[in-house]
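S.K.: Could you have a look at this structure, given as structure tokens, before my questions?
The values are calculated or read from the model by the stated rules, or taken from the named source; none is laboratory data. Remember, predicted model here, so these are calculated numbers, not experimental data. Backbone-built Cβ (ideal geometry, glycine too); neighbour counts: all protein chains shown. Quick note on the areas: whole protein, heavy atoms, side chains included, nothing else; ligands and nucleic acids left out. Shrake-Rupley method; radii C 1.70, N 1.55, O 1.52, S 1.80 Å.
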Amino acid sequence: MTRQARKLEHLWHTVRSELTNANFDDISLVHNCLPETGLTAVNLSASLAGINLLRPLFINAITGGIDDAENINRELALAAKECGLALAVGSQMAALENPLFAKTFRVVREVYPEGIIFANIGAYADLKMAKHAVDMVKADALQIHLNVPQELMMAEGDTDFRGYRNKIEKIIASVGVPVIIKEVGFGIAKEQAAIFKDMGAAAIDVGGKGGTNFMLIEKRRAHSKANQDLLDWGLPTSISLLETMAGAPGIDIVASGGINSGLLAAKALALGANTVGIAGLAAKLLLSEGRGALVARLQEIINELKMIMVMTGAGNIDQMRHVPLVVSGYTREWLEQRNIVLSEVLTSR
Ligand SMILES: Cc1cc2nc3c(=O)[nH]c(=O)nc-3n(C[C@H](O)[C@H](O)[C@H](O)COP(=O)(O)O)c2cc1C
């Protein structure tokens, strides 16, 4: 199957698939009955990898490199622009191999020249490809995605992942923009987070389990009954966030994987994320109901986040990242067995 056909199938399976739970039920925010702020006073500006963002929320990597993607990316960029959000393009590998597809990515810069745009490549790309991807969209930062389980699940996927570290390290050292290492839905554990920090990554997008489930999508694409037990593989988003904070204290973090409400965004920020990323929900809304519905939902999420900021007494994102919270149940047990001391992790926020 060609990469183009596969990408189209990913989009349509995303529209049809349910978004799964990102395990934030164990996180409770503490109500503040006496907030010294208000809905019009809260300041939503955030910062990631040294880049200022108007909102602590962006549309994460979805597509590019197929005929329909020019239109989809134009609509995503217009939605991001309307809401004042940053936007990551989907993997640019197709355009690096076939320049005819470059326009499906460039369109985001054309319609959103003032926007914060993230380029996106796979971890097997080399420095030359990384530079080309950044130039293609005049990117403010570069995402390098890791998706080993998805590749293994695909009939036509990669099976050998040796050499990634070396390539990523060279890209970070010389690509000229901040690099965000990202997972696509299986999460990042503290051991690998520490490696990315040592390499000099500017930020980590934890891309945890929850929301889009690529194991399920690949299984449905393959019409296969095999590997049923692997559908639940990965670190849930909340846990991946805490693991990343433990392994790479102080690094900037994107929480993504199943963030679909202001409450989940608020919980992720309160745990220590600098911003959250939304992909599957954005793709679903755009393709099934159109840009208006996507913009309306993004505004709802932003408004809900503002309400929660007021209800927790946070006047800005830095304060939101330090509000009191309680971690219970499975998440607490996970942290104990992984020797992650919650109070220490929260101090690193
Ligand atoms: C249709 C679709 C295509 C995606 N393609 C890419 C991609 O090309 N590069 C990438 O880094 N992530 C890609 N992702 C992963 C998302 O950026 C995100 O990490 C993941 O879906 C988890 O977030 P979500 O639960 O909000 O969807 C894709 C997601 C979807 C739904």
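S.K.: Which one is farthest from HIS145 (Cα to Cα), of the residues in the range 189-220 that are open to solvent by 30 Å² or more (accessible area, probe 1.4 Å) and among the basic types (Lys, Arg)?
M.R.: ARG220
S.K.: Can you pull out the residues in the range 33-47 that are buried (at least 16 other Cβ atoms within 10 Å of the Cβ) and of a type outside the set (Ser, Thr, Tyr)? Steps first, answer last, please.
M.R.: Filtering the range 33-47 down to residues buried (at least 16 other Cβ atoms within 10 Å of the Cβ) leaves 35, 37, 42, 44, 46.
Result: PRO35, VAL42, LEU44, ALA46.
S.K.: Exactly one of (1) under 20 Å from the mean Cα position of the chain (by Cα); (2) open to solvent by 20 Å² or more (accessible area, probe 1.4 Å) is unmet by ILE181. Its number?
M.R.: If we test ILE181 against (1) under 20 Å from the mean Cα position of the chain (by Cα); (2) open to solvent by 20 Å² or more (accessible area, probe 1.4 Å), just (2) comes out false.
S.K.: Among the residues of the range 82-124, what is the count of those that are out of contact with any Asp or Glu (no Cβ under 8 Å at 6 or more places or on another chain) and farther than 14 Å from ALA61 by Cβ?
M.R.: Matching residues across the range 82-124 total 18.
S.K.: Another one. Quick one: ILE217 ticks every box in (1) over 14 Å from the mean Cα position of the chain (by Cα); (2) farther than 18 Å from MET153 by Cα bar one, so which box is it?
M.R.: Going through (1) over 14 Å from the mean Cα position of the chain (by Cα); (2) farther than 18 Å from MET153 by Cα one by one, ILE217 breaks only (2).
S.K.: Tell me the residue from SER224, SER174, SER240 that is crowded, with 21+ Cβ neighbours inside 10 Å, hydroxyl-bearing (Ser, Thr, Tyr) and out of contact with any Asp or Glu (no Cβ under 7 Å at 6 or more places or on another chain), please. Before the answer, list the steps.
M.R.: Values: SER224 fails: crowded, with 21+ Cβ neighbours inside 10 Å; SER174 fails: crowded, with 21+ Cβ neighbours inside 10 Å.
Answer to the selection: SER240.
S.K.: Scan the range 1-28 and report the pairs whose first residue is more than 15 Å from ARG220 (Cβ to Cβ) and within 10 Å of the ligand (Cβ to nearest atom) and whose second residue is at pLDDT 90 or above and not in a loop (DSSP other than H, G, I, E, B), with Cβ atoms within less than 7 Å and a gap of 6+ or a chain change.
M.R.: Close Cβ pairs satisfying both conditions: ALA22/GLY211; ALA22/PRO236; ALA22/THR237; ALA22/SER238; ALA22/LEU264.
S.K.: Still on this structure, I have one more. Could you run through the range 42-94 and say how many residues are of a type in the set (Gly, Ala, Ser), more than 12 Å from the ligand (Cβ to nearest atom) and under 20 Å from ASP252 (Cβ atoms)?
M.R.: Initial filter on the range 42-94 (of a type in the set (Gly, Ala, Ser)): 45-47, 49-50, 61, 64-65, 69, 77, 79-80, 84, 86, 88, 90-91, 94.
Narrowing further to those that are more than 12 Å from the ligand (Cβ to nearest atom): 45-47, 49-50, 77, 79-80, 84, 86.
Narrowing further to those that are under 20 Å from ASP252 (Cβ atoms): 45-47, 49-50, 80, 84, 86.
Of the residues in the range 42-94, 8 are of a type in the set (Gly, Ala, Ser), more than 12 Å from the ligand (Cβ to nearest atom) and under 20 Å from ASP252 (Cβ atoms).
S.K.: Can you say whether GLY292 is of a type outside the set (Asp, Glu), more than 10 Å from the ligand (Cβ to nearest atom) and under 26 Å from GLU75 (Cα atoms), as far as the supplied structure shows? Talk me through it step by step, then tell me what you get.
M.R.: Details: of a type outside the set (Asp, Glu): yes; more than 10 Å from the ligand (Cβ to nearest atom): yes; under 26 Å from GLU75 (Cα atoms): yes.
Taking the combined requirement at face value, the residue satisfies it.
S.K.: Among residues belonging to the range 221-278 that are without any contact (Cβ under 8 Å) to a residue 24 or more places away in the chain and charged (D, E, K, R), point out the one that is farthest from the ligand (Cβ to nearest atom). Reasoning before the result, please.
M.R.: Step one: filter the range 221-278 for residues without any contact (Cβ under 8 Å) to a residue 24 or more places away in the chain, giving 223-226, 228-229, 231-232.
After this cut, where a residue has to be charged (D, E, K, R) as well, the list is 225, 229, 232.
Details: LYS225: 23, ASP229: 21, ASP232: 15 Å.
Per the criteria, the residue is LYS225.
S.K.: Do any helices (runs of 4 or more DSSP H) entirely within the range 247-349 hold 2 or more residues that are more than 23 Å from ASN32 (Cβ to Cβ) and of a type in the set (Lys, Arg), and if so, which?
M.R.: Numbers: elements: 262-271, 280-289, 291-312, 317-320, 329-337, 342-347.
Result: 291-312.
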